[in-house]
1. Considering only region 54-64, state which residues are in a helix (DSSP H, G or I) and surrounded by 14 or more Cβ atoms within 10 Å (Cβ to Cβ).
2. Please determine, by comparing only the residues of region 8-51 that are modelled with pLDDT of 85 or more and β-branched (V, I, T), which one is nearest to Q64 (Cα to Cα).
3. Limited to region 17-36, what total is found for residues that are over 17 Å from W48 (Cβ atoms) and surrounded by 15 or more Cβ atoms within 10 Å (Cβ to Cβ)?
Amino acid sequence: MSLLSGFVAIPRLQAIADPRLREDALQRERQLLYVSLTRARDEVFVSWIGEPSQFLDDVMTPAQLAAA
């Protein structure tokens, strides 16, 4: 799973109690999503289990989130 193979998987945060570690993990999730979206050449497929990433609100409409 890499940009070379054409697929990128972004793991979701697990419950992290330490606020500093949680903030670092959130920052990493945000960065990975941004890089994945900006380097996509043809299409972007977004999927999730449970709740979607909070950062998808910035790139998808509520209708797109509800339909997914």
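1. Step one: of region 54-64, the residues in a helix (DSSP H, G or I) are 54-58, 62-64.
Within region 54-64, F55, L56 meet the criteria.
2. Selected residue: T38.
3. The qualifying residues number 0.
The values are calculated or read from the model by the stated rules, or taken from the named source; none is laboratory data. None of the values given here were measured: they were computed from a predicted structure. When we count neighbours, we look across all protein chains shown, and the Cβ atoms used for this are built from the backbone with ideal geometry, even at glycine.
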